[in-house]
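*Asks:* What follows is a single structure, and I will ask about it in a moment.
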Amino acid sequence: MTAPLTATRPTPLLELNGVRKSYNVGLPNEAEVLHGLSFSIGRGEFAALIGPSGSGKSTLLNIVGLLERMTAGSYRIDGEEVHGLDDAALTRRRRTTLGFVFQFHHLLPAFSALENVTLPALMREDRITPAQRDRARAVLAAVGLADAMDKRPGELSGGMQQRVAIARALVLEPPLVLADEPTGNLDTASSDEVFALMRRMHAELNTSFLVVTHDPRLAARCDRVLELVDGRLVADGTPPPPSDKRVLGPA
Ligand code: ADP
């Protein structure tokens with residue numbers, strides 16, 4: 001027997017093929033906002049999603065996050081087609097595969113940082129075991145909040161709140177974290193710190209990240225940049241190197 005000429009490619013974590021999304025289907029104001037997107041994301045990739053306002057980034061992130069349904073196309077997670085699954089199956093998939101970090105952290109204000117980070121376990125399994133509480137403590141310590149676990153969000157700075165949100169997204173070790181402008185609400189120093197933390201968690205846990213950002217500085221620090229314009233993918237590659245001031249000529 002001769003060996004196959006091509007090696008088998010590993011199944012991508014996510015694979016989108018011809019994904020379309022229309023709003024107001026069947027109404028006079030029906031509009032297609034994603035026009036047949038195809039791309040895949042492998043395990044351990046750290047990708048940015050950029051594009052002008054209105055280009056469809058949030059819509060795409062919501063579809064990838066199983067929060068919104070596509071109109072047509074195929075979306076496989078770990079090889080399993082999710083287009084057409086019922087709500088219960090989508091919720092199960094979401095809870096086992098995905099973690100979310102939003103611009104506005106969406107922490108529950110009446111709960112401590114620790115309680116907020118134990119919530120995903122409660123949602124997934126209807127209870128919190130002592131081991132899960134220990135795990136939540138360990139993740140909060142890993143994001144530098146060992147001394148702030150009992151504080152409520154209102155007692156923490158914006159950067160600390162976002163670190164709690166990252167701990168919450170990572171506590172169940174999902175293979176993919178989706179982040180929508182995770183640093184959009186922070187000053188430059190906190191933004192750098194939160195982004196560095198995401199990169200560190202990525203390196204330690206091999207979690208894949210898809211990060212929507214308007215900030216070219218952050219996109220430049222991702223391994224891959226997907227660019228969306230008017231609902232179409234116009235670029236997909238490594239970010240350009242940081243601008244070289246010498247091209248501007250002598251000062
Ligand atoms: P971005 O995140 O890049 O700013 P969005 O995904 O929010 O872009 O929006 C893409 C397009 O879809 C925009 O033209 C927007 O007006 C439209 N859109 C988004 N949500 C809805 C909705 N629920 N109903 C109708 N149109 C929508």
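*Asks:* What is the P(r) of region 153-196, as percent of Cα-Cα pairs per 10 Å bin from 0?
*Replies:* Taking all Cα pairs of region 153-196, the binned fractions are 27, 55, 17, 0 percent.
*Asks:* Kirkwood hydrodynamic radius (Cα pairs, Å) of region 1-143? Walk me through the numbers on the way to the answer.
*Replies:* Numbers: mean 1/r = 0.0553 Å⁻¹.
Computed over region 1-143, the radius equals 18.1 Å.
*Asks:* Also: How big is D for the chain, in µm² s⁻¹ as a whole number, if Stokes-Einstein is applied with the Kirkwood radius of its Cα pairs at 10 °C and 1.306 mPa s? If you can, show how the numbers build up before the last one.
*Replies:* On the way: Rh = 19.5 Å.
In µm²/s, the coefficient rounds to 81.
*Asks:* Also, I was wondering about something else. If you roll a 1.4 angstrom probe over the protein chains with everything in place, what fraction of the accessible area of the chain belongs to carbon and sulfur, to the nearest %?
*Replies:* 54 percent
*Asks:* Can you tell me the dipole magnitude for the chain around its Cα centre, using point charges on the Cβ only (Lys, Arg +1; Asp, Glu -1), in Debye to the nearest 20? Spell out each step's value before the answer.
*Replies:* On the way: 28 positive and 30 negative charges, 63 e Å.
The calculation lands at about 300 debye.
*Asks:* Among the trypsin sites (Lys or Arg not before Pro) within region 118-147, which fall in a DSSP loop and have no more than 10 other Cβ atoms within 10 Å of their own Cβ? Show your work: numbers first, answer last.
*Replies:* Working: sites: Arg124, Arg127, Arg133, Arg135, Arg137; in loops: Arg127.
For trypsin sites (Lys or Arg not before Pro) across region 118-147 that sit outside H, G, I, E and B with at most 10 neighbouring Cβ atoms in 10 Å, the list reads Arg127.
*Asks:* Continuing with this model, one more query. Starting from the Kirkwood Rh over alpha-carbon pairs, what translational D in µm² s⁻¹ does region 133-251 have by Stokes-Einstein at 25 °C and 0.890 mPa s? Working shown, then result.
*Replies:* Working: Rh = 16.0 Å.
Approximately 154 µm²/s, per Stokes-Einstein.
*Asks:* Now a separate question. Hey, can you find the accessible area per residue of the chain for me, probe 1.4 Å, expressed in square angstrom?
*Replies:* On the way: 13120 Å² over 251 residues.
Per residue, the chain has 52 Å² of solvent-accessible surface.
*Asks:* Now for a separate question. Between Ser53 and Leu27, what length comes free when the chain is fully extended (0.36 nm per residue of separation minus the Cα-Cα distance, one decimal in nm)? Please list the in-between numbers first.
*Replies:* On the way: separation 26, 0.36 × 26 = 9.36 nm, distance 2.43 nm.
That pair, Ser53 and Leu27, stretches by 6.9 nm at full extension.
*Asks:* How big is the antiparallel share of DSSP beta bridges in the chain, given as a percent to the nearest 5?
*Replies:* Percentage antiparallel, nearest 5: 55.
The values are calculated or read from the model by the stated rules, or taken from the named source; none is laboratory data. If you're wondering where the values come from, they're calculated on a predicted model, not measured in any experiment. Every residue, glycine as well, gets a Cβ built from its backbone with ideal geometry; the counts of neighbours run over all protein chains shown. Areas reflect the complete protein model, heavy atoms only, side chains present, ligands, DNA and RNA absent. Shrake-Rupley method; radii C 1.70, N 1.55, O 1.52, S 1.80 Å.
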